[in-house]
Amino acid sequence: MALAPLFAMAARNLGRHPRRTGLTVTAIAVGLAALIFLWGFSDGLHSNLVRNLQDTIVGSIDIHPKGFFQRPEITKGIVDPKHIENALEEAGVERWTRRLVGFALAAGPRHTSGMVLMGVEPETEGRVTTLGDKVTIGRFLQADDDYQCVIGAGSARSLGVGIGDTLVLMANDRFGTLATEEFTVVGIATGGELGIDSGMFITTVKALQEMLEIHGQVSNYTLRVPESRLEPVYSALREKLCVERFDVLRWYDMYPMIHEWIILSDGFHLVFLSVVLLIVLGGVLNTVLLSMLERTREFGILMALGVQRSQLALMVAVESLLIGIIGVVVGATLGIALVMVSARVGIDLSALVGETRGFYVDPIIRTRLDLQHLWITMLGMLLVSLLAALYPAWRATRLAPVEAIRHG
Amino acid sequence: MSDTIIEVKDVYKCFWVGDVPFPALNGVDVEVKRGQFMVLAGRSGSGKSTLLNVIGGLELADRGTVKVCGRDFNETPADERTRFRLRNIGFVFQAYNLIGVLNAMENVAFVCQLQGKENSECMDTAKHWLTEVGLGKLLDRRPHQLSGGQQQRVAVARALAMNPALVLADEPTANLDSSTGRELIELMTRLNEDFETTFLISSHDPAVLAAGSPVIHLEDGRLLSTDPNRPPPQPPQAACAIPQRNWGQRFGAWITGKS
Ligand SMILES: Nc1ncnc2c1ncn2[C@@H]1O[C@H](COP(=O)(O)OP(=O)(O)OP(=O)(O)O)[C@@H](O)[C@H]1O
Ligand SMILES: [Mg+2]
């Protein structure tokens, strides 16, 4: 039997109460657009957070001797760097740098204090992190530096040194004897994150190797890869490197809190999504059931004319599906447009949050469109329209023609 | 091909208000021949609508046989009765017969399209029947732009556009003033004469009864009779004593939506 006239009727029925249909479509569209935008905002925030964390000092992946991350010992480093560098090349990683990490005492004119020692290679460090940008007074280390150093502003204050002053560094060398060396302060770094401000002593790998007689040794390789390549590179490296000797850690293996926070936040978005979907479901159901109730007599007439109950059900279902689809198309377009625009323009939160110092978020948030999250949201909304279509359709199959005709 | 279009034998139909049965049809026999124009008369509440609904297969009789064009409705599932209606029975109700979102033409063409016929053919059919009922100039009007009498005429055109064996009209003139009502009846008698479509029309309008067509009188769910030997009507409890359905059958009825 021909269904075309019934579908045409379903489409016309939407125009019966244009304002009501419009309101329902708007509710779906605005709800969906808001969901997409909110999630886009939070995705933008997260990726900013992750990027800043990696950029500042952590990098994306770190390779070091097994157990080094838990108990760093500067003289127990990687002795065969070639092995690792081959693996890096095979995995297609181009942005990497080498570091020496440990602990030491630094003595200034006023004070002596324990510090985290970090040797960097100035010529490659900039490819991996923006550590150099944290230097606010003086300059960062350069390729031809050796016994120069950069320290945090807090340490500079407590040690009582400024640019051009010298610090005496004391650390155990390879043989366990105390080695001392003088370093000239060339830069002072500020930045609340990861103790850069207080207790960090940054110098060159070269100087430390010489001072501690660990020539050719480094503690770790720090890599920077795009977030999308993180997992493939990670597995490739784990395959190539002997995991008995080396730890390959992703940024979130080292700093799980931010990662867990993101997972939690996405979970929250799912809950939020469900709540909004439930509200939308109620709204659409209300509209469709109301319009069914108004047309009960008409349904009775249709059945008397020879329209099957299943055809009525189909017509009702098509009506609410149409509402849902229009709402989803409009809402998705709006939501995606909003995310795209604010990804380009950025949302300036500096008036609200000021300068975030202890946290890795820029005050200007650029929203980000995560396709998976977009699909989840859109599918959820479509599913809800489908649900809102099924119940009224089922009701239509339960109509008795005589009662329906007597109605109204 | 038999000459009998409607064959109703000893039909009972009860409505239950709580536990109290009410026999709306209490043993009715009706026979309508092909091409007849039959009027179903009776006071309000006498069971006219109930009888028409049962004849149209909109609901089933509790007892007795209802056959239209030889088809026994008691042995026809609901979906098939609906399909049968689409091919064979046109309905005209008292008022508000039309689909609000469709114009006159579309209302008439709709049933034809449902029957699976070509769109252009249906448009021609619709135009033909609307012209036939005198609405050739109002094809584009929506129902709310038509008077009550015009709406009823569209409904008549729609019933005939199905090319049915039988048209059932339940008080088609009740909502019209008497002269408009008379015109509608004249229209239907003319159509009956011109196209030999069978009509069964319920009414308590004196003008309809005076039109000279054969009349069946209903009273309290029975045909009026002058036969002194006819047995008295069955009391409600007896008329409505239908075999109680067990839980399984009731559940089945609830699932399929059959009362
Ligand atoms: N669903 C129902 N529930 C209970 N009683 C009903 C129901 N439908 C009809 N009746 C009763 O059945 C009887 C017959 O009703 P019906 O509608 O067939 O009368 P009618 O002859 O068409 O009356 P009218 O001329 O007013 O339309 C009435 O007494 C009515 O009260
Ligand atoms: Mg009636």
Do you know which residues across the range A:1-12 are touching a Leu at 6+ places or on another chain (Cβ under 9 Å) and open to solvent by 10 Å² or more (accessible area, probe 1.4 Å)? A:Met1, A:Ala2, A:Leu3, A:Pro5, A:Phe7, A:Ala8, A:Ala11, A:Arg12
Failed condition for B:Leu98, given (1) assigned to a loop (DSSP other than H, G, I, E, B); (2) more than 16 Å from ligand 1 (Cβ to nearest atom); (3) in contact with a Ser or Thr (Cβ under 9 Å, 6 or more places away or on another chain), with all others met? (3)
Which one of B:Val68, B:Val39, B:Val32 is more than 14 Å from chain A (Cβ to nearest Cβ), touching a residue at least 60 places away in the same chain (Cβ under 8 Å) and away from ligand 1 (no atom under 16 Å from the Cβ)? B:Val32
Is at least one residue of the range B:183-194 closer than 20 Å to B:Thr4 by Cα, among the acidic types (Asp, Glu) and surrounded by fewer than 21 Cβ atoms within 10 Å (Cβ to Cβ)? yes
For the range A:200-243, which positions are among the basic types (Lys, Arg) and over 19 Å from A:Val128 (Cβ atoms)? A:Arg238, A:Lys240
Suppose we keep only residues that are without any contact (Cβ under 8 Å) to a residue 12 or more places away in the chain and among the acidic types (Asp, Glu) within the range B:84-129. Which one would you say is farthest from the other protein chains (Cβ to nearest Cβ)? B:Asp124
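Residues to consider are A:Val161, A:Val225; find the one that is open to solvent by 10 Å² or more (accessible area, probe 1.4 Å), part of a loop (DSSP other than H, G, I, E, B) and modelled with pLDDT of 90 or more.
Values: A:Val225 fails: open to solvent by 10 Å² or more (accessible area, probe 1.4 Å).
Selected residue: A:Val161, the only one of A:Val161, A:Val225 that is open to solvent by 10 Å² or more (accessible area, probe 1.4 Å), part of a loop (DSSP other than H, G, I, E, B) and modelled with pLDDT of 90 or more.
Out of B:Gly35, B:Gly27, I need the residue that is in a loop (DSSP other than H, G, I, E, B) and either open to solvent by 70 Å² or more (accessible area, probe 1.4 Å) or more than 16 Å from ligand 2 (Cβ to nearest atom) (or both). Which one?
B:Gly35
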Quick one: how many residues across the range B:170-201 are in contact with a Ser or Thr (Cβ under 9 Å, 6 or more places away or on another chain), part of a strand (DSSP E or B) and more than 15 Å from ligand 1 (Cβ to nearest atom)? 1
Is it the case that B:Phe93 is within 16 Å of ligand 2 (Cβ to nearest atom) and under 18 Å from the mean Cα position of the chain (by Cα)? yes
Answer yes or no: is there a residue in the range B:71-80 that is at negative phi, buried (at least 18 other Cβ atoms within 10 Å of the Cβ) and facing chain A (nearest Cβ under 10 Å). yes
Suppose we filter the range A:113-138 for residues that are without any contact (Cβ under 8 Å) to a residue 24 or more places away in the chain and within 16 Å of A:Gly152 (Cβ to Cβ); how many remain? 2
Given the condition among the aromatic types (Phe, Trp, Tyr), in a strand (DSSP E or B), open to solvent by 70 Å² or more (accessible area, probe 1.4 Å) and touching a Pro at 6+ places or on another chain (Cβ under 7 Å), answer yes or no: does some residue in the range B:1-16 qualify? no
When B:Gly45 is run through (1) closer than 21 Å to B:Ala78 by Cα; (2) within 14 Å of chain A (Cβ to nearest Cβ); (3) open to solvent by 10 Å² or more (accessible area, probe 1.4 Å), the failure sits at (1)
Counting only helices (runs of 4 or more DSSP H) wholly inside the range A:269-368, the ones holding at least 2 residues that are open to solvent by less than 30 Å² (accessible area, probe 1.4 Å) and within 14 Å of chain B (Cβ to nearest Cβ) are A:296-305, A:309-345
Can you report the number of residues in the range B:42-59 which are in a loop (DSSP other than H, G, I, E, B), under 23 Å from B:Arg83 (Cα atoms) and within 14 Å of ligand 1 (Cβ to nearest atom)? 3
Answer from B:Leu51, B:Leu86 - the residue that is of a type outside the set (S, T, N, Q), open to solvent by less than 50 Å² (accessible area, probe 1.4 Å) and within 16 Å of ligand 2 (Cβ to nearest atom): B:Leu51
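Yes or no, residue by residue, for (1) modelled with pLDDT under 95; (2) more than 19 Å from the chain's Cα centre (by Cα); (3) away from ligand 1 (no atom under 16 Å from the Cβ); (4) among the acidic types (Asp, Glu):
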| residue | (1), (2), (3), (4) |
| --- | --- |
| B:Glu80 | yes, no, yes, yes |
| B:Arg83 | yes, no, yes, no |
| B:Leu86 | yes, no, yes, no |
| B:Val111 | yes, no, yes, no |
| B:Ala126 | no, yes, yes, no |
| B:Met162 | yes, no, yes, no |
Residues B:Asp177, B:Asp194, B:Asp227, B:Asp220: which one is away from ligand 2 (no atom under 16 Å from the Cβ), in contact with a Gly (Cβ under 9 Å, 6 or more places away or on another chain) and charged (D, E, K, R)? B:Asp177
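The values are calculated or read from the model by the stated rules, or taken from the named source; none is laboratory data. Nothing here was measured: the structure is a model prediction, and the numbers come from that model. Ideal geometry is used to build each Cβ from the backbone, glycine not excepted, and the neighbour counts take in all protein chains shown. For the accessible areas, the whole protein counts, side chains as well, though only heavy atoms, and no ligand, DNA or RNA atoms are used. Shrake-Rupley method; radii C 1.70, N 1.55, O 1.52, S 1.80 Å.
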